[in-house]
Structure formats: C-alpha cells, structure tokens
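The values are calculated or read from the model by the stated rules, or taken from the named source; none is laboratory data. Remember, predicted model here, so these are calculated numbers, not experimental data. For neighbour counting, all protein chains shown are included, and Cβ atoms are generated from backbone atoms with ideal geometry for every residue, glycine included. Just so you know, the surface numbers come from the protein's heavy atoms only, side chains and all, with ligands and any DNA or RNA stripped out. Shrake-Rupley method; radii C 1.70, N 1.55, O 1.52, S 1.80 Å.
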Amino acid sequence: MKKLMLAAAGGAVLGLVVTTQVAGPLVAQEADQNSSVYEQLDLFGDIFERIRANYVEEVDDRELIEAAINGMLTSLDPHSSYLSPEAAQRMRVNTSGEFGGLGIEVTQEEGWVKVVSPMDGTPAEAAGIEAGDFITAVDGESVLGLTLDEAVQMMRGPVGAEIIVTIVREGEAEPFDVSIIRDTIKLTAVRSRTEGNAVVLRVTTFNEQTFPNLAEGIEEQVAEAGGIDNIDGFVVDLRNNPGGLLSQAVYVSDAFLDAGEIVSTRGRQASDGDRFNATPGDLAEGKPIVVLINGGSASASEIVAGALQDHRRAIIVGTNSFGKGSVQTVVPLSQDGAMRLTTARYYTPSGRSIQSLGISPDIIVEQPRPRPVDEEEAEAGTPRTEAGLRGSLENDSLTEDEIRQIEEDRARAEAAAALREDDYQLAYAIDILKGLNALGPLSGSE
C-alpha cells in the first residue's frame, strides 16, 4: 500500500514537473510574441512621427497611414490591397457594369504593371494594347515602385483627355509609346452573334449583367436560327476575359450543366470552404460547346472553363489561361474604405487548383499574327479552275435549285475562309462544331 502511495505521489510530482516545463515555455513564448508585436507597433509609431517632423516636405497623415496599410496588404500577394473610399466606389461601379478609364485589366509583376487583357470596344483595344504587355511609364513618368492602385490612378483622368503609356512587348526590341484617349467605359458583358450555324457568345467580363446577357443572347440567336435544331453548337469566347464576380462564374457554368459540382473554395480554416453545384437545366439543350481561352483569360473565366472541361461538357480550345486561382473578399472598412483580401483558393470539380498553372486547352491553337500580303502574292495565290478557262463547257446536269444551293454553300465556305483570316481560333472552334454536328448523335450498342 505504501509503495502504491509513493508511486502515485511520484506520478503527481512528475506530472507537475512536465506541465510546468511544457506550459511554462509556451506561455513565455506567447508573451514574447505579443511583446514583439507591440515593439513593432512602437517602431511604426516612431517612424511615422519622424516622417511627420523631419521629411523634406509636409506630408498628409492620412496618405501615410493608407500607404502603410496598403503596403501590408500588397506584401501578401498581388491581389490583396487597400481600397480608399474613392477606389471602393470605383470597384462598386465596375461590378455594376460601367466605369471610367482606358479599358484594361492590369496586375503587377516584379514592380511593373502588366496587362491581363484589354476590354472589347474600349480605347485600349482600339489603340492596340495586348494581353501580356508591360506598362512601364505613364505620360513619361515611371510606374516602377508604385503600388498597383497608384499606377491605375495615374492612368485615370478626365474623359476625352489624352494619355501616353510606354509599352514593353515581347518580340519588340525597344519600348514604344501608345497614345490613348480616355473614355467612359460601358461594358456589354456578353455579345452574341451567329457565324454559319454556330452561336458565338463573347463574354467580356463577369459583372452583375453577365448571366442575364448570356441567357438573352442565347434566346435571341436560337430564335433567329428558327430553333435549336438549326444550330450546330455554341462557342463561348472567354479570351482576354479578366474575370470578375465568382457568383456570375457559377451562374454561367450552371447555364450549361444539369448537375454536379461547379467549383469549390478552401480557406485557411476548414469551415471557410464552400461548394457550388449545378442545378437542372441546360440553356444549350445538349448541343456541343467549344470554349475559347488564352493568356488573358483569368479568374472567373478559368472557373467556367475548368468546370465545363472537367464535366466533359465542352472542348477547350486556344492557349493556356492566366492562372489566377484565388478568391478575394471585399471587406468594408470605416470611412467608406474597403479591404480586398485573398481569403481562399478555388478548385475545379476534379479537385485541381489552377493557381500559377492555368487551364490547359484540350486543343492548343495559337492565334497567328497577321502579316501584310502584297498584290503580287495575292494574285499568285489565286487557284486556277476549269471554270476559269476560256471556252470551257458549262455544267448541264444541275437544276436551278441545285445551282443555287451550290452557290450558297460556296458563299458560306468563302465566309468561313474570311473568318479564318480574321480570327483563326474562332474559325477553328466553329469547324469543330461543324464536324461534331456532321457526325450526328452517337448511337449506343445494344
């Protein structure tokens, strides 16, 4: 009995020693961390006061503090930032579908401003700005060392005013200047048209108007074609689409899916994750879909392409996408400002992250750069046929209706050839739909 009591007492003493030796350092470590944080805050206050007192020019206290906050956020990743009240208001305007500026989506890379994509129908597109261009100066003033928001502010100004941006482009030996006239940017989120028997849906951005525009465009084009049976399929053109609202990416994906996961998000904590699933109903009514992407397709565009690719609902054509696989949450702050903070990564239905990798097309199709063709080269390329020979016999075996049908087919072929010269990737996508339609519905074996 005495031995048992001694053993129990020894165990209690040992437990006390272990608890003291383990818990003691943990408490001390936490205290040291808190002390270090307060020391750093004291250091910040000391630097702030010294700048106010001794800097060569008088400084604005608010601007100093905002710069410090923004520096803290931008040090995390390229997409986190502080939004001043003015910037927060601009962001709200952007997501509503109308804003002022040049019409380019930009990011920051190694201190330079990089163009993600020019927006359709904007001054930047008209001036020839391309995805992948680097903007190194605005009106002769370098943007190196500026935050992304500061660089954007330099590019914004009164509507109608000229701005000169200095561009560095891959393949060009020297930087060059581009003159752009600022304008009010009014975005039509989705433009729809019919090429041959294919409905082309050009999605330029993901704002609050995207899904309504998409649904309306599909309905109009199908009605003009005389019904879905007269449609080969749909081309969803996401090239140079910089993204936008996550909710709209989910709605657009859902428009072509009947069931299954569209995208999942995973945050720092397991409870922060979320999944978005498709609901019954396919606006394309099972018709084939080709999705076009390129290096300017980012964020929400990649969510749509990844969802349709993983569900084998669409063939992805083009070049590798941008590779932005993170989700930003806009947190309202006091004084009407806001914080854009990266809070999660998103994953395609198969569980893959596209962060820094992008979506790989099922069929890689480069967009060839146009080259000038002189008249002699054009004449040399004109093919000679029997019909073009002097005195050739006429075809007497065709009726007028058959001749008319041949002429219509020839006109469609010529239009397709013209499109191939103008937009090779789009023409390729339409050819895929035409080929799939020619096969007809696949019959299962019994």
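Here Glu109 meets each of (1) buried (at least 20 other Cβ atoms within 10 Å of the Cβ); (2) within 17 Å of the chain's Cα centre (by Cα) with one exception, condition (1).
Residue-level check: of (1) in a helix (DSSP H, G or I); (2) more than 20 Å from Arg202 (Cβ to Cβ), Gln108 misses just (1).
Output the residue which, of all residues in the range 121-176 that are assigned to a loop (DSSP other than H, G, I, E, B) and acidic (Asp, Glu), is most open to solvent (accessible area, probe 1.4 Å). Checking each candidate, the answer is Glu170.
Residues checked against (1) without any contact (Cβ under 8 Å) to a residue 12 or more places away in the chain; (2) over 18 Å from the mean Cα position of the chain (by Cα); (3) at positive phi:
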| position | (1), (2), (3) |
| --- | --- |
| Thr95 | no, no, no |
| Val116 | no, no, no |
| Thr122 | no, no, no |
| Glu125 | no, no, no |
| Thr136 | no, yes, no |
| Gly145 | no, yes, yes |
| Asp149 | no, yes, no |
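Quick one: in the range 177-210, of everything that is part of a loop (DSSP other than H, G, I, E, B) and more than 17 Å from the chain's Cα centre (by Cα), which residue is nearest to Ala284 (Cα to Cα)? Per the criteria, the residue is Asn197. Kindly evaluate Gly196 against the criterion of being small (Gly, Ala, Ser), touching a residue at least 12 places away in the same chain (Cβ under 8 Å) and in contact with a His (Cβ under 9 Å, 6 or more places away or on another chain). The answer is no for Gly196. Of the residues that make up the range 254-274, is at least one of a type in the set (Val, Ile, Thr), in contact with a Pro (Cβ under 9 Å, 6 or more places away or on another chain) and either farther than 23 Å from Gln425 by Cα or not in a loop (DSSP other than H, G, I, E, B) (or both)? So far as the range 254-274 goes, yes, one or more of its residues are of a type in the set (Val, Ile, Thr), in contact with a Pro (Cβ under 9 Å, 6 or more places away or on another chain) and either farther than 23 Å from Gln425 by Cα or not in a loop (DSSP other than H, G, I, E, B) (or both).
Filter the range 199-209 down to residues that are in contact (Cβ under 8 Å) with a residue 40 or more places away in the chain, of a type in the set (A, V, I, L, M, F, W, C) and more than 18 Å from Pro361 (Cα to Cα) and give me whichever is surrounded by the fewest Cβ atoms within 10 Å (Cβ to Cβ). Here the answer is Val200. Only a single criterion out of (1) at positive phi; (2) more than 23 Å from the chain's Cα centre (by Cα); (3) open to solvent by less than 10 Å² (accessible area, probe 1.4 Å) is not satisfied by Gly323, namely (2). Residues in the range 210-269 that are charged (D, E, K, R) and either open to solvent by less than 20 Å² (accessible area, probe 1.4 Å) or out of contact with any Asp or Glu (no Cβ under 8 Å at 6 or more places or on another chain) (or both): Glu216, Glu219, Glu220, Glu224, Asp229, Asp232, Asp237, Arg239, Asp254, Glu261, Arg268.
Filtering Val106, Val115 for residues that are under 19 Å from Ser297 (Cα atoms), modelled with pLDDT of 90 or more and not acidic (Asp, Glu) leaves a single hit, Val115.
Out of all the residues in the range 44-60, which are under 22 Å from Met72 (Cα atoms) and open to solvent by 100 Å² or more (accessible area, probe 1.4 Å)? Of everything in the range 44-60, those that are under 22 Å from Met72 (Cα atoms) and open to solvent by 100 Å² or more (accessible area, probe 1.4 Å) turn out to be Phe44, Arg50, Arg52, Tyr55. Please list, ordered by first then second residue, the pairs with beta carbon atoms under 8 Å, 6 or more apart or interchain, first in the range 428-443 and open to solvent by less than 70 Å² (accessible area, probe 1.4 Å), second modelled with pLDDT of 80 or more and of a type in the set (Phe, Trp, Tyr). Within 8 Å, the pairs are Leu433/Phe234.
For the range 327-335, state whether one or more residues are at pLDDT below 95, assigned to a loop (DSSP other than H, G, I, E, B) and within 27 Å of Ser81 (Cα to Cα). Yes, the conditions are met somewhere in the range 327-335. Looking only at the range 50-63, residues that are out of contact with any Leu (no Cβ under 9 Å at 6 or more places or on another chain), farther than 23 Å from Ser334 by Cα and either of a type in the set (Phe, Trp, Tyr) or in a helix (DSSP H, G or I) (or both) come to 4 in all. Within the range 4-20, is there a residue that is modelled with pLDDT of 85 or more, among the β-branched types (Val, Ile, Thr) and open to solvent by less than 80 Å² (accessible area, probe 1.4 Å)? For the range 4-20, residues modelled with pLDDT of 85 or more, among the β-branched types (Val, Ile, Thr) and open to solvent by less than 80 Å² (accessible area, probe 1.4 Å): absent. The set of residues from the range 270-295 being open to solvent by 20 Å² or more (accessible area, probe 1.4 Å) and in contact with a strand residue (DSSP E or B) (Cβ under 7 Å, 6 or more places away or on another chain) comprises Asp272, Gly273, Asp274, Arg275, Phe276, Asn277, Lys287, Pro288, Asn294. Inspect all residues belonging to the range 311-326 and state whether any of them is under 21 Å from Thr95 (Cβ atoms) and among the aromatic types (Phe, Trp, Tyr). Taking every residue of the range 311-326 in turn, at least one turns out to be under 21 Å from Thr95 (Cβ atoms) and among the aromatic types (Phe, Trp, Tyr).
For the range 39-70, a tally of residues being more than 24 Å from Ala88 (Cβ to Cβ) and among the small types (Gly, Ala, Ser) returns 2.
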